[in-house]
Amino acid sequence: MPVSGAAAEAAALDAYSRTVIAVAASVTPHVASVQTRRGGGSAVVFTDDGSLLTNAHVVGSAKNGVVVFADGVESRFDVVGVDPLSDLAVLRARGGAPAAVSMGDADTLVVGQLVVAVGSPLGLAGSVTAGVVSALGRSVPVGNGRAARVIEDVIQTDAALNPGNSGGALADSAGRVVGVNTAVAGIGLGLAIPINVTTRRIITTLLHEGRVRRAYLGIVGVPAPLPAGVAERTGQSAGLRIVEVVRGGPADQAGLRRGDLVLSVARREVRDAQGIQRQLFGDAIGRAMPVTVLRNGAMVDVIAVPRELTAD
């Protein structure tokens with residue numbers, strides 16, 4: 001017997017509901033409300049020994065505070081590490097916490113995919129909203145003193161976010177956390193820091209060292225396609241077009257120019273800004289780094305020596 005349009009719509013809606021309910025049940029116990037003297041937000045348990053991930057702007061300059069889990073259990077926490085330039089921070093619950101949530105990989109997301117946000121908007125712990133990935137590859141500028149950086153590949157979603165959602169979980173339909181909600185971009189739009197290779201490295205560094213040291217080249221660029229002949233020769237379809245070189249910075253001193261198309265850094269292929277940023281951690285500071293660019297149709301190699309990015 002053919003299924004009526006209304007019945008099919010009801011079945012699809014019920015499948016959607018079941019998915020959201022399952023994700024909420026899986027993720028909510030691992031999300032806490034964060035309270036400090038100056039404000040609060042949300043956090044996600046990501047290790048079995050009580051470490052939580054949140055936004056740097058949620059904790060600010062606080063050294064400790066209180067987390068409240070969805071079941072009402074409270075625990076004092078200490079701030080383990082804060083990185084304003086990725087807007088991430090790691091906390092440690094003194095009294096223990098639920099087991100770690102399942103972590104996913106934001107690099108596998110596609111536009112239109114279902115996502116579920118879990119957090120404590122307006123202080124209402126365990127709140128759940130659902131929506132879709134409305135865009136990928138967004139960039140958010142962040143700063144700390146005179147230091148500045150762009151967080152790449154930020155996730156844009158239409159899942160409703162409100163003050164207090166910051167630091168909460170953005171999960172996929174399998175209940176894996178693929179992002180940390182960070183901002184309300186406008187009416188009906190929210191942004192989340194992706195969980196990917198770069199942010200995992202930042203989180204691990206914060207957990208073990210309490211801070212993240214970064215190298216600095218001093219360029220601003222946008223993704224750009226390679227000319228057909230170069231793409232065929234190199235097997236690389238895109239690079240990073242330099243639109244600004246910071247005067248006196250390592251890139252300027254190395255001879256990089258506006259208009260250069262960066263193909264590789266440290267002999268690793270570059271297709272976007274994240275391709276460079278994932279290489280600019282502490283071990284790159286002061287180390288000679290070959291940069292290959294396409295300039296006036298010719299490949300040019302220069303040697304840049306990154307300096308440490310500081311807030312001073």
Margin query: I'd like to know which of L226, G119, L280 lies farthest towards the positive end of the charge dipole of the chain, counting +1 on Cβ of Lys and Arg and -1 on Cβ of Asp and Glu.
Written below: L280
Margin query: What is the percent carbon and sulfur in the accessible area of the stretch 52-127, measuring with a 1.4 Å probe over the protein chains and ignoring ligands?
Written below: 54 percent
Next item on the list: Enumerate the calculated ³J(HN,Hα) couplings along the stretch 293-301 in order (Karplus 6.51 cos²θ - 1.76 cosθ + 1.60, θ = phi - 60°), each rounded to whole Hz, writing x wherever the residue is Gly or Pro.
Entry: 10, 9, 9, 6, x, 10, 7, 10, 9
Item checked: Kirkwood hydrodynamic radius (C-alpha pairs) into Stokes-Einstein, the chain, 20 °C and 1.002 mPa s, D in µm²/s -> 103 µm²/s
Checklist line | For the chain, accessible area per residue (1.4 Å probe, heavy atoms of protein chains only), Å² | finding: 46 Å²
Margin query: Please list 3J(HN,Hα) in residue order for the stretch 30-40, calculated via the Karplus relation 6.51 cos²θ - 1.76 cosθ + 1.60 where θ = phi - 60°; whole Hz, with x for glycine and proline.
Written below: 9, 10, 10, 7, 9, 10, 10, 5, 9, x, x
Checklist line | Positive dipole terminus of the chain, leading residue within V265, T28, T129 (C-beta point charges) | finding: V265
Note to self: For the chain, take the longest principal axis of its alpha carbons; what is the angle in degrees between that and the long axis of helix 5-27, to the nearest 10 within 0 to 90?
What the structure shows: 80 degrees
Notebook entry, point to check: Which of S120, S237, S75 moves the most in a Gaussian network model of the chain with Cα springs under 10 Å?
Noted result: S237
Margin query: Angle check, please: helix 197-209 long axis (alpha carbons) against the longest principal axis of the chain (alpha carbons), in degrees 0 to 90, nearest 10.
Written below: 80 degrees
Check: Dipole size in debye (nearest 20) for the stretch 68-113 around its Cα centre, Lys and Arg Cβ +1, Asp and Glu Cβ -1?
Finding: 220 debye
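Can you compute the helix-only [θ] at 222 nm over the chain? Use -39500 (n - 2.57) per DSSP H run of at least 4 residues, normalise by all residues, nearest 500 deg cm²/dmol.
Numbers: 6 runs with 57 residues, N = 312.
Helix contribution divided over all residues of the chain: -5500 deg cm²/dmol.
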Next item on the list: Amide H neighbours of G221 under 5 Å, at least 5 residues apart or on other chains, H built in the peptide plane: list them.
Entry: V243
Next item on the list: Using amide H atoms built 1.01 Å from N in the peptide plane, name the residues 5+ places from L280, or on other chains, whose amide H lies under 5 Å from its own.
Entry: none
Margin query: How big is the dipole moment of the chain about its Cα centre under a simple scheme where the beta carbon of each Lys and Arg is +1, that of each Asp and Glu is -1, and everything else is neutral? Debye, nearest 20, please.
Written below: 940 debye
Item checked: Karplus-derived HN-Hα couplings along the stretch 46-52 (A = 6.51, B = -1.76, C = 1.60, θ = phi - 60°), whole Hz, x at Gly and Pro -> 10, 10, 6, 9, x, 8, 10
Notebook entry, point to check: Can you list the trypsin sites (Lys or Arg not before Pro) in the stretch 11-72 that are in a DSSP coil and have 16 or fewer other beta carbons within 10 angstrom?
Noted result: R37, R38, K63
Note to self: Just to confirm a number: summing +1 for Lys and Arg and -1 for Asp and Glu over residues other than N296 whose beta-carbon lies under 14 angstrom from that of N296, what do you get?
What the structure shows: +3
Check: Using 0.36 nm per residue, how much length does the chain from V140 to Y16 gain when fully extended, once their Cα-Cα distance is taken away?
Finding: 41.6 nm
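The values are calculated or read from the model by the stated rules, or taken from the named source; none is laboratory data. Fair warning: this is a prediction, and the values are worked out from it, not measured in the lab. All Cβ positions, even for glycine, are placed from backbone atoms using ideal geometry, and neighbour counts span all protein chains on display. Side chains are part of the model used for accessible areas, which takes the heavy atoms of the whole protein and leaves out ligands, DNA and RNA. Shrake-Rupley method; radii C 1.70, N 1.55, O 1.52, S 1.80 Å.
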